[in-house]
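Below you'll find the structure, written out as structure tokens, and then a few comments.
The values are calculated or read from the model by the stated rules, or taken from the named source; none is laboratory data. It should be emphasised that the depicted structure is a prediction, and the values quoted were computed from it without experimental measurement. Glycine also receives a Cβ, built like all others from the backbone with ideal geometry; neighbour counts cover every protein chain displayed. Surface areas here come from the heavy atoms of the whole protein model, side chains and all, with no ligands, DNA or RNA. Shrake-Rupley method; radii C 1.70, N 1.55, O 1.52, S 1.80 Å.
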Amino acid sequence: MATVTPGDIQTARDRIAGKVERTPTVLSHSLSERLGVPVHLKLEHRQTTGSFKLRGASNAVALLTAEEKVRGVVAASTGNHGRALAHAAKLEGIRAVICMSRLVPENKLTEIRRLGADVRIVGNSQDDAQQEVERLVGEEGLIMMPPFDHPAIIAGQGTLGLEIIAQVPDAALVLVQLSGGGLASGVAAAIKGVSPRTKIIGVSMGRGAAMKASLDAGKPVLVEELPTLADSLGGGIGLDNRLTFAMCRDLLDDVILLSEDEIAAGIRHAYAQEREILEGAGAVGIAALLAGKVKPTGPVVVLLSGGNMDMNEHRRTVCVEAIAERAA
Ligand SMILES: *Cc1c(COP(=O)(O)O)cnc(C)c1O
């Protein structure tokens, strides 16, 4: 069966060295005190482009043949994958087309354009954007770069796992975000390869957690997509999922889900106590600890996966909570 091995991830690390940052890991004094075990934060929201997605995108772009590089790459992501792919393509001097629907906010569009990508606005949904991707693959020969279910993307995201276990070799538990599962598959494969006894728990939002529903069903299933503070964790895993479903099933020790209030508390704790600005998805590991949904008995590493939140929304999230707390 197709999978991504620790060896693939080590090769990816050498391939993307110099193209991505090796982000720091710091001890959280407030969480360590609260939990009674050392809690380390992996500050991957400080990665270039604001998320770990640059690791997978850089690895996948570097693996293209010379002929494929001439054709260029295309994706239908409005978020962190699109931004990372635009950046990685620019660095290699290749063409990137990012397709999005008319509903995408102006600030996201501007950022991807600033990176030199060709932005195509089509239709009113992610499905319409995906249709445009397929048209461009068929008619213009562009290479499609999927956001998670692709061996080079998973291996690239896995380089984060190698860094985590090198920085905290005695980690008993690692909390990792879970959506399409490219991140969790890669990180779990990397860490279990070096340290098989380290537990890896996937964390998702309760609203529309496609991988959790699929793991429970024993096969990929569709879930309704709902608005959530952790918008980078939204979306399905694909009914024709090739890699990440099986890898998450085989490698993750558990999956936990969070409410919107719990995620907001994670964002607020990161800001007020850790002095870090996180998007909802980036804060779910902290949120899981605060909510008491995991009870670690040894050193923990919490991955902070991204920080690309609209700052007005961030301010509202932090303030609304502060006002509610004062009233209580
Ligand atoms: C994409 C993303 C995730 C989830 O990664 P998957 O590989 O889809 O599971 C988590 N956090 C952030 C910030 C992301 O951009």
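None of V137, V168, V176 is of a type in the set (A, V, I, L, M, F, W, C) and surrounded by fewer than 19 Cβ atoms within 10 Å (Cβ to Cβ) except V137. Of all the listed residues (N107, N124), the sole one being in a loop (DSSP other than H, G, I, E, B), open to solvent by 80 Å² or more (accessible area, probe 1.4 Å), of a type in the set (S, T, N, Q) and not assigned by TED's automatic domain parsing to the domain that holds E313 is N124. Taking the numbered list (1) touching a residue at least 24 places away in the same chain (Cβ under 8 Å); (2) surrounded by fewer than 24 Cβ atoms within 10 Å (Cβ to Cβ); (3) more than 14 Å from the ligand (Cβ to nearest atom) in turn, D216 passes all entries but (1).
Taken together, the criteria exclude I98 from residues that are more than 14 Å from the ligand (Cβ to nearest atom), assigned by TED's automatic domain parsing to the domain that holds G180 and surrounded by 23 or more Cβ atoms within 10 Å (Cβ to Cβ). Restricting region 31-50 to residues that are among the polar types (S, T, N, Q) and within 16 Å of the ligand (Cβ to nearest atom) leaves a set whose member that is surrounded by the fewest Cβ atoms within 10 Å (Cβ to Cβ) is T48. Would you confirm, using the coordinates I've provided, whether G292 is open to solvent by less than 50 Å² (accessible area, probe 1.4 Å) and either within 14 Å of the ligand (Cβ to nearest atom) or in contact (Cβ under 8 Å) with a residue 60 or more places away in the chain (or both)? Here the answer is no, as G292 does not meet what is asked. Within region 221-265, the set of residues being part of a loop (DSSP other than H, G, I, E, B) and either crowded, with 20+ Cβ neighbours inside 10 Å or within 16 Å of the chain's Cα centre (by Cα) (or both) comprises T228, L229, A230, G234, G235, G236, I237, N241, L243, L252.
Sort out which residues of region 302-316 are within 15 Å of the ligand (Cβ to nearest atom) and over 16 Å from G36 (Cβ atoms), and write them in order of number. Explain how you work it out, then say what you get.
Residues of region 302-316 that are within 15 Å of the ligand (Cβ to nearest atom), as a first pass: 302-310, 313-314.
L303, L304, S305, G306, G307, N308, M309, D310, E313, H314 - these are the residues of region 302-316 that are within 15 Å of the ligand (Cβ to nearest atom) and over 16 Å from G36 (Cβ atoms).
Residue count for region 92-104, restricted to those that are more than 17 Å from V122 (Cβ to Cβ) and in a loop (DSSP other than H, G, I, E, B): 3. Any residue at all in region 142-158 that's surrounded by 24 or more Cβ atoms within 10 Å (Cβ to Cβ), modelled with pLDDT of 95 or more, closer than 14 Å to D250 by Cα and under 17 Å from the mean Cα position of the chain (by Cα)? Within region 142-158, not a single residue is surrounded by 24 or more Cβ atoms within 10 Å (Cβ to Cβ), modelled with pLDDT of 95 or more, closer than 14 Å to D250 by Cα and under 17 Å from the mean Cα position of the chain (by Cα).
For region 131-138, does any single residue satisfy the condition of being out of contact with any Asp or Glu (no Cβ under 6 Å at 6 or more places or on another chain) and not in a helix (DSSP H, G or I)? Can you show your working first?
First, pick out the residues of region 131-138 that are out of contact with any Asp or Glu (no Cβ under 6 Å at 6 or more places or on another chain): 131-138.
Then keep just the ones that are not in a helix (DSSP H, G or I); that gives none.
Looking through region 131-138, none of the residues is out of contact with any Asp or Glu (no Cβ under 6 Å at 6 or more places or on another chain) and not in a helix (DSSP H, G or I).
If you check V168, V174, V187 for being assigned by TED's automatic domain parsing to the domain that holds H40, at negative phi and within 12 Å of the ligand (Cβ to nearest atom), only one passes: V187. Per the listing A89, A57, A84, the residue uniquely more than 15 Å from the ligand (Cβ to nearest atom), crowded, with 23+ Cβ neighbours inside 10 Å and assigned to a helix (DSSP H, G or I) is A89. The set of residues in region 179-213 that are of a type outside the set (A, V, I, L, M), open to solvent by less than 10 Å² (accessible area, probe 1.4 Å) and touching a Pro at 6+ places or on another chain (Cβ under 9 Å) comprises G180, G182.
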